[in-house]
Amino acid sequence: PGSSSVWLHLGILGPQRVATDAIGNPTPPPYTLLDNEHSLLLESDLVFIDPVGTGLSRVAEGEKAAEFHDYQRDLDSVAEFIRLYTSRYKRWGSPKYLIGESYGTTRAAGLSLHLQEKHNFYLNGVMLVSLAIDLQTLSFDHGNEIPYPLFLPTYAATAWYHKALAPELQNQPLKDVIRAAENFANTDYHLALMAGTRLDPATRQGVAQQLALFTGLSVDYILRADLRPTESRYFKELLRHRGQIVGRLDSRFVGQDKDDVGEHPEEDPGMNSLGGAYASCMNRLLRDKLGFESDMPYHIIASLWKTWTWKDFANKYVNVGESLRKALHNNPHMRVYVASGYYDLATPHAAGDYTLSHLGLREALRGNISVSYFEAGHMMYIHPPSLERMAAELRAFVAGGVATG
């Protein structure tokens, strides 16, 4: 919560985008804004919504912004905007799609049902970029063993990218490494975690050796971490010997902390690389190209997650998968496109796959969901080859088909 719509706007969908190199790094400041040959504007109208407190969206006089910073109130306000826009611009007869990224997938999954129940508003499709609709899969809490095997394939992909694996894995194609890591994660590793302190020493040692093989970490470190390296520890430890940390949003990116001790990185190198570029280019688009004049700052990301409330999920993990399942059962014509990045250590692809396989969809509806994987991170569209393929898939999706890889 707290992100504006700038990422999808200037990353893939809009008529202009932030220029990036072959990896995904933007040009040096003041950055480059260029025409987007991949824009979906030729296939569909695009309406970007910055929820209250993000972008330039502010509350009306007499209202308190904090009242909108709750999961249900957020759905209420965004759904009402969608309803009003559809009515005022006479678009009830048009096909309608939602797309959201990261927390935007939490919002979009909830909206798919909320719009049905509140406004009898049925969607043609939902596009979910970097899936985050079951937060138990992403939360390294004491006693919650689910994230560890789900993050492992992305640890393996990250170590492979940085050439930190043993030759027996390093010399294999990325997808083969990921497949092997997934197989270990779903079998021996999962069983070891479930055993807890009942795990015998020999099995513990064997699992640690396998974890070291897939993660690029040492057996000693794995054992000292009780077979449970959290994501923040991984950011710091993998390339510690090189004096580098790896990124959370995109683990291809590396950075440096003040020193090479400690458990947690100071910053996320991926966000540091991209934040300034997207802020600069959005302000140029608004003020120079669209002629919008205001002294208000455009908040590409506001720290709303620190105070966001989840009243409907008190004393339990946030999981809006049931909303998506029910929306699909109510509207079997609705299709879902999911985009996942192999180098995403914020919302790993295996966590998304786990979530989708646990929605409880009846067999006849499982084909409504298609998943595509990219050799990039959370914002996979910053990677030019991923941008080109993803844009083609989204165009096919809104045209009524799918093309995934």
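Descriptive notes on the structure:
- When the criteria are applied in full, ARG228 meets the requirement of being open to solvent by 10 Å² or more (accessible area, probe 1.4 Å), in contact with a helix residue (DSSP H, G or I) (Cβ under 7 Å, 6 or more places away or on another chain) and modelled with pLDDT of 95 or more.
- The residue pairs whose first member lies in segment 1-29 and is aliphatic (A, V, I, L, M), whose second member is part of a strand (DSSP E or B), and whose beta carbons are closer than 6 Å, counting only pairs six or more residues apart or on different chains, are LEU8/GLU101; LEU10/ARG17; LEU10/VAL18; VAL18/PRO26; ALA19/LEU34.
- The condition of being loosely packed, with under 15 Cβ neighbours inside 10 Å, under 23 Å from PRO297 (Cα atoms) and more than 25 Å from the chain's Cα centre (by Cα) holds for only one of GLU67, GLU117, that being GLU67.
- Selection of segment 2-61 for residues being open to solvent by 20 Å² or more (accessible area, probe 1.4 Å), of a type in the set (Ser, Thr, Tyr) and over 23 Å from GLU293 (Cβ atoms) yields SER3, THR20, THR27, THR32, SER44.
- Residue match in segment 307-317 (condition: within 21 Å of the chain's Cα centre (by Cα), modelled with pLDDT of 95 or more and open to solvent by less than 20 Å² (accessible area, probe 1.4 Å)): no
- Evaluation of HIS329 against the conditions (1) exposed (fewer than 14 other Cβ atoms within 10 Å of the Cβ); (2) within 30 Å of ALA399 (Cα to Cα) shows that the sole unmet condition is (1).
- Residue within segment 27-38 that is among the polar types (S, T, N, Q), in contact with a helix residue (DSSP H, G or I) (Cβ under 8 Å, 6 or more places away or on another chain) and under 20 Å from LEU111 (Cα atoms) present: no
- Being touching a Lys or Arg at 6+ places or on another chain (Cβ under 8 Å), open to solvent by less than 60 Å² (accessible area, probe 1.4 Å) and of a type in the set (Ser, Thr, Tyr) is a property that THR86 has.
- Checking SER251, SER273 one by one, the residue that is under 22 Å from TYR103 (Cα atoms), among the hydroxyl-bearing types (Ser, Thr, Tyr) and touching a Ser or Thr at 6+ places or on another chain (Cβ under 7 Å) is SER251 and no other.
- Residue within segment 295-307 that is more than 28 Å from ALA19 (Cα to Cα), in contact (Cβ under 8 Å) with a residue 24 or more places away in the chain and among the aromatic types (Phe, Trp, Tyr) present: yes
- Residue check, ASP344 of a type in the set (Asp, Glu), open to solvent by less than 10 Å² (accessible area, probe 1.4 Å), at negative phi and at pLDDT 95 or above: yes
- Taking the criterion of being more than 22 Å from ASN144 (Cβ to Cβ) and touching an Asp or Glu at 6+ places or on another chain (Cβ under 7 Å), the only residue of segment 154-209 that qualifies is LEU174.
- Any hit, segment 19-26, residues being within 22 Å of VAL129 (Cα to Cα), of a type outside the set (S, T, N, Q) and at pLDDT below 95: no
- Within segment 161-178, if we keep just the residues that are part of a helix (DSSP H, G or I) and within 20 Å of ARG252 (Cβ to Cβ), the residue that is most open to solvent (accessible area, probe 1.4 Å) turns out to be LYS175.
- Residue check for LEU211: closer than 17 Å to ALA166 by Cβ and crowded, with 22+ Cβ neighbours inside 10 Å: yes
- Number of positions in segment 273-292 that are open to solvent by 60 Å² or more (accessible area, probe 1.4 Å), touching a helix residue (DSSP H, G or I) at 6+ places or on another chain (Cβ under 7 Å) and not hydrophobic (A, V, I, L, M, F, W, C): 0
- Top-ranked residue in segment 120-153 [being assigned to a helix (DSSP H, G or I) and under 13 Å from the mean Cα position of the chain (by Cα); ranked as farthest from GLN209 (Cα to Cα)]: LEU135
- Condition check for GLY216: small (Gly, Ala, Ser) and modelled with pLDDT under 95: no
- Considering residues of segment 356-391 that are touching a helix residue (DSSP H, G or I) at 6+ places or on another chain (Cβ under 7 Å) and of a type in the set (Gly, Ala, Ser) only, the residue surrounded by the most Cβ atoms within 10 Å (Cβ to Cβ): GLY377
- Here TYR343 meets the list (1) without any contact (Cβ under 8 Å) to a residue 40 or more places away in the chain; (2) of a type in the set (Phe, Trp, Tyr); (3) part of a loop (DSSP other than H, G, I, E, B) almost entirely, failing just condition (1).
- Residues of segment 44-81 that turn out to be of a type in the set (D, E, K, R) and closer than 14 Å to SER4 by Cβ, as a count: 3
The values are calculated or read from the model by the stated rules, or taken from the named source; none is laboratory data. Not measured: the values here are computed from a predicted model. Every residue, glycine among them, receives a Cβ derived from its backbone with ideal geometry; neighbour counts consider all protein chains shown. Heavy atoms of the whole protein, side chains included, go into the accessibility calculation; ligands, DNA and RNA do not. Shrake-Rupley method; radii C 1.70, N 1.55, O 1.52, S 1.80 Å.
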